[in-house]
Amino acid sequence: MTEEELHKEFEAAVERVNSYENAFPADFLLRLYAYYKKATQNSEPPSSRRSIINAFKANALFQARGLSENEAKEHYVALVKEYFKS
């Protein structure tokens, strides 16, 4: 898959997640969060008002620390496909 194809697939997966109206499991959201941050090279620290949520987000980011931008996109897309079984 080319980088452009991967980017399109990633954007489609992000849109699918954003348009889904039901609640996702917390562990799924944390993994999506970490992969999205890595994929978009967003280095801003977690900014929830609740410190426990920031701690969980920081842990998720720590677990994804070795991924490249493209690897994070691949993981994000795979996770969304697995969740929606498509």
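The values are calculated or read from the model by the stated rules, or taken from the named source; none is laboratory data. It should be emphasised that the depicted structure is a prediction, and the values quoted were computed from it without experimental measurement. Quick reminder, even Gly has a Cβ in these numbers, built from the backbone with ideal geometry, and neighbours come from all protein chains shown. Protein only, heavy atoms only, side chains kept; ligands, DNA and RNA dropped before computing areas. Shrake-Rupley method; radii C 1.70, N 1.55, O 1.52, S 1.80 Å.
Of the numbered criteria (1) modelled with pLDDT under 95; (2) of a type in the set (V, I, T); (3) open to solvent by less than 60 Å² (accessible area, probe 1.4 Å), the one I52 fails is (3).
Filtering region 55-86 to residues that are closer than 23 Å to E11 by Cβ and open to solvent by 90 Å² or more (accessible area, probe 1.4 Å) leaves E74, E82, K85. For region 23-38, the condition of being surrounded by 17 or more Cβ atoms within 10 Å (Cβ to Cβ), out of contact with any Gly (no Cβ under 7 Å at 6 or more places or on another chain) and acidic (D, E) holds for none of the residues.
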